[in-house]
Amino acid sequence: WRDVVRDAAAVREAAAVAVDAALLAGVLMRTGEQPHASDVVNYAPFTLLPSAVPRALFEQAYAVQQDFNLLVDTISQNKEFLEQTLASTIKVDDFTARLFRIYMQVLEEGLAQTVFLGINRSDYMFDCGLDGTAALRQIEINTIAASFGGLTSRTADVHRLVLKVLGKTEEASHLLPNNPAKGLALGIAKAWELYGSQRAVVMFLVEDVQRNIFDQRCVENELWNRNIRVVRKRFRDVFEQGSLDASRRLYMDGQEVAVVYYREGYVPQVYDQQNWEARLLLERSRAVKCPDIATQLAGTKKVQQELSRPGTLEKLLPGHPEAIARIRATFAGLYSLDEGEEGDRIAATAIADPDRFVLKPQREGGGNNLYGEELREVLQKIKDSPERTSYILMDKIKPQPALNYLLRAHSPLQVSECISELGIFGVYVRQGQELVLNQAAGHLLRTKATEHADGGVAAGVAVLDTPYLV
């Protein structure tokens, strides 16, 4: 869009149209000042122009999503693998340890749950090699509360209009349709149906502060359209109103719950003693949890790092050589900081050359990773302590920046050098041992200015975008 980016008058006009179009389309968030009220809202931040994405890498990301769904589901059923992989982490990371204790307790009691639902989002960046060719590199896979499937379903229409206003009708026609909200709802509806009670409800487990409520409402409304009742509850409500009957059916306020869809529960700060008890109650129940606690553990950074070790994928997915090759082709360099010679060597390498790496703790939700000088300082401090095993080290990906305008409420209109991250939503449903649904459910492109190393849309750094395939 080089011609557009330099035309200040055209940009101002297009930005005014874009903001109104976003409000009309429902690309909305509640405001930071009034996060509990839907009578004062604003548009969710987004790019003025769709961003270029290499078509071959976009197709590669879609093609591998069913493999990743299968892999996550397989790991969630492999107690021995989770125990071995997380052994060092649970000694030093209290949050992972508490999740793990609930996991073991539920297994010892015997699983009441027979239907399993996974909603994942696998996130990638495009690593630019020295020769200028780009490669798809997985950043992480989110197995709990993967967001923005709703708002991104509405963003392409906004970009389509912007391109038309800028006289690019032909380019506008090339933007792909994308509706993850529908795909996610399809998975939830399938799990609800297999649970087998027409009267039972789907419970969205939500945060106390719900700025991103419209994103969730997109999925919720798809379920109402299928005549599936949805209730919204917090951990506190589960603690106060939740109960199990003799066959471990979950009831909230006297209503049977078929599916619990977590949009909360991935950061330590939300858990006090009462909320841990609520989580245990949910996990012990027959209700379909999305995710169940084993699947949440399968999404930890430590598991991601273990998967990159030679031979690990072959052990987990015997008889699936093509899937293994597709998965492995997306891996960036990942390194263990476990105690011992290998960990010592890796830590020393990173301290000597911190700009080559990213240091990642076992956390979801964006804004937790460490880079550059900060990475060096933290590693210096913990290099001789067991605490370092709660982190993993990853090669820093170097994408090719592009110019764009990031539209944020109450912010000046200025051009930024930007990089993008592509997420592919995956949905699967398993009943007993049989995968009855396994598919990619749509995509999410998020873009941020290059001066921000880390953070997503909810963290206030990245903005919503639409891929323009090149």
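The values are calculated or read from the model by the stated rules, or taken from the named source; none is laboratory data. It should be emphasised that the depicted structure is a prediction, and the values quoted were computed from it without experimental measurement. Note that we place each Cβ from the backbone using ideal geometry, even for glycine, and neighbour counts take in every protein chain shown. Quick note on the areas: whole protein, heavy atoms, side chains included, nothing else; ligands and nucleic acids left out. Shrake-Rupley method; radii C 1.70, N 1.55, O 1.52, S 1.80 Å.
Worth a mention:
- For segment 216-223, the count of residues that are of a type in the set (D, E, K, R), open to solvent by 20 Å² or more (accessible area, probe 1.4 Å), modelled with pLDDT of 95 or more and in a loop (DSSP other than H, G, I, E, B) is zero.
- Residues of segment 190-215 that turn out to be small (Gly, Ala, Ser) and buried (at least 20 other Cβ atoms within 10 Å of the Cβ), as a count: 2
- Qualifying residue in segment 192-202 (condition: in the same structural domain as LEU282 (by the TED database), closer than 22 Å to GLY32 by Cα and either assigned to a helix (DSSP H, G or I) or not aliphatic (A, V, I, L, M) (or both)): no
- Segment 1-42, residues that are farther than 16 Å from GLY167 by Cβ and β-branched (Val, Ile, Thr): VAL19, VAL27, THR31, VAL40, VAL41
- The set of residues in segment 40-93 that are out of contact with any strand residue (DSSP E or B) (no Cβ under 9 Å at 6 or more places or on another chain), in contact (Cβ under 8 Å) with a residue 24 or more places away in the chain and of a type in the set (D, E, K, R) comprises ASP67, LYS79, LYS91.
- For segment 94-135, the tally of residues that are of a type outside the set (Gly, Ala, Ser) and without any contact (Cβ under 8 Å) to a residue 12 or more places away in the chain stands at 7.
- Members of segment 449-470 that are outside any loop (DSSP other than H, G, I, E, B) and at pLDDT below 95: ALA449
- Residues that are out of contact with any Lys or Arg (no Cβ under 6 Å at 6 or more places or on another chain) and in a strand (DSSP E or B), drawn from segment 423-437: ILE424, GLY426, VAL427, TYR428, ARG430, GLN431, GLU434, LEU435, VAL436
- Members of segment 263-274 that are open to solvent by 20 Å² or more (accessible area, probe 1.4 Å) and either touching a residue at least 12 places away in the same chain (Cβ under 8 Å) or touching a Gly at 6+ places or on another chain (Cβ under 8 Å) (or both): TYR266, VAL267, PRO268, VAL270, TYR271, GLN274
- Screening segment 1-118 for helices (runs of 4 or more DSSP H) wholly inside it with 2 or more residues that are surrounded by 17 or more Cβ atoms within 10 Å (Cβ to Cβ) returns the ranges 8-25, 55-63, 65-76, 79-92, 94-109.
- Checking ARG232 against (1) open to solvent by 50 Å² or more (accessible area, probe 1.4 Å); (2) more than 23 Å from the chain's Cα centre (by Cα), the condition it does not meet: (2)
- Filtered by the rule that a residue be over 30 Å from ASP131 (Cα atoms), buried (at least 18 other Cβ atoms within 10 Å of the Cβ) and modelled with pLDDT of 90 or more, segment 380-414 gives a lone residue, LEU407.
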